[in-house]
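These notes concern the structure reproduced below.
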Amino acid sequence: MLAAAALAGGSLVRPEGPLAQGFPPEADHLKCYQVREDFALRHTEIVDLFNEQFGPETGCQLLTTGLFYCAPTQKFSSHDPDGDDPRGPELQSNFLCYQVRCKANPERSIVVDDQVGQRVIEIQDAKMLCTPTTRAPQEPCEESAPACGGVCPPGETCEASPQRGGCFCE
């Protein structure tokens with residue numbers, strides 16, 4: 001059986017329901033991590049965007065340096081011990097989010113309903129575009145791997161670090 005406890009809102013929460021039985025519920029949240037460094041060449045693409053809620057936005061500038069990496073996540077709390085939210089479907093893809101600049105749009109007020117509650121929010125211009133992504137397999141590191149800065153200092157070797165997601169001198 002899965003033994004786990006999570007700290008949420010200052011109180012110790014022991015998962016109940018599906019997680020306590022050994023299987024997690026559907027990942028219906030996104031947890032986003034700030035990208036510290038993106039090794040891709042930075043450039044700007046001009047893109048046209050459309051979504052059903054706010055219509056078309058043409059001639060947007062997309063900066064191709066990732067800002068946030070988001071992963072599907074299960075959330076548990078004392079208010080939601082089963083970790084399931086019927087408002088959204090299961091998420092299966094990771095996302096990489098980029099800065100986007102589009103022409104100014106009028107502010108809009110919409111009513112939303114999530115686990116925090118129902119309320120009115122005001123929507124301004126788009127700031128990010130998140131694209132589905134997959135993690136590429138970790139390439140083996142070589143002593144002269146570019147990710148290690150060329151050559152490692154004496155006594156260190158260029159090693160793959162799955163936790164850090166790359167090659168590092170260690």
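The values are calculated or read from the model by the stated rules, or taken from the named source; none is laboratory data. Because the structure is a prediction, the values reported are computed rather than measured. When we count neighbours, we look across all protein chains shown, and the Cβ atoms used for this are built from the backbone with ideal geometry, even at glycine.
Residues of the stretch 1-41 that are at pLDDT below 90 and in contact with a Ser or Thr (Cβ under 8 Å, 6 or more places away or on another chain): Ala8, Gly9, Ser11, Val13, Ala27, His29, Asp38, Ala40, Leu41. Within the stretch 109-122, residues that are assigned to a strand (DSSP E or B) reach partners that are surrounded by 11 or more Cβ atoms within 10 Å (Cβ to Cβ) and among the basic types (Lys, Arg) with beta carbons closer than 8 Å, at six or more positions or on different chains, in the pairs Glu122/Arg108. On inspection, Pro153 fails the criterion of being under 22 Å from the mean Cα position of the chain (by Cα), at pLDDT below 80 and exposed (fewer than 10 other Cβ atoms within 10 Å of the Cβ).
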